[in-house]
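A.B. asks: Please find one structure pasted underneath; my questions will follow.
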Amino acid sequence: KPCPLCDEAKEVLEPYKRRFILQEVDITLPENSAWYDKYKYDIPVFHLNGKFLMKHRVDIPKFEDRLRKLELQRE
């Protein structure tokens with residue numbers, strides 16, 4: 001904290017909030033040390049459905065494509 005890139009990412013993802021659940025993880029907490037060790041220089045990091053998706057900034061085309069594929073699988 002603060003995390004301007006995280007705040008920016010949340011703003012970019014705002015229009016999609018009804019299509020997925022955003023779970024924020026504070027990697028500075030002791031219980032999240034594995035995430036800290038892995039991503040301390042790469043925040044924010046995005047996983048979708050448990051799989052790595054992107055880091056640093058939201059790649060809208062990539063995000064939309066992966067989200068659409070997940071939604072089609074659920075239908």
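A.B. asks: Can you tell me how many residues in segment 56-75 are outside any loop (DSSP other than H, G, I, E, B) and open to solvent by 90 Å² or more (accessible area, probe 1.4 Å)? Before the answer, list the steps.
C.D. replies: Within segment 56-75, the first condition is being outside any loop (DSSP other than H, G, I, E, B), and the residues that meet it are 60-74.
Checking the rest, the ones that are also open to solvent by 90 Å² or more (accessible area, probe 1.4 Å) come to 61, 68-69, 72-74.
The total comes to 6.
A.B. asks: Would you be able to tell me the number of residues in segment 1-34 that are part of a helix (DSSP H, G or I), open to solvent by less than 100 Å² (accessible area, probe 1.4 Å) and either out of contact with any Leu (no Cβ under 8 Å at 6 or more places or on another chain) or not charged (D, E, K, R) (or both)? Talk me through it step by step, then tell me what you get.
C.D. replies: Step one: list which residues in segment 1-34 are part of a helix (DSSP H, G or I), which gives 4-16, 30-34.
In the following step, the residues that additionally are open to solvent by less than 100 Å² (accessible area, probe 1.4 Å) were identified as 4-10, 12-14, 16, 32-34.
From what's left, either out of contact with any Leu (no Cβ under 8 Å at 6 or more places or on another chain) or not charged (D, E, K, R) (or both): 4-9, 12-14, 16, 32-34.
Residues in segment 1-34 being part of a helix (DSSP H, G or I), open to solvent by less than 100 Å² (accessible area, probe 1.4 Å) and either out of contact with any Leu (no Cβ under 8 Å at 6 or more places or on another chain) or not charged (D, E, K, R) (or both): 13 in total.
A.B. asks: Free of Cβ contacts under 8 Å to residues at least 40 places away in the same chain and among the charged types (D, E, K, R): is that true of residue 8 in this structure? Spell out how you get there, then give the answer.
C.D. replies: On the way: free of Cβ contacts under 8 Å to residues at least 40 places away in the same chain: no; among the charged types (D, E, K, R): yes.
Judged against the criteria, residue 8 is not a match.
The values are calculated or read from the model by the stated rules, or taken from the named source; none is laboratory data. Quick caveat: nothing in here was measured; it's all calculated off a predicted structure. Virtual Cβ from ideal backbone geometry, glycine too; neighbours counted across all protein chains shown. To get the accessible areas, we keep the full protein, side chains included, count just its heavy atoms, and leave off ligands, DNA and RNA. Shrake-Rupley method; radii C 1.70, N 1.55, O 1.52, S 1.80 Å.
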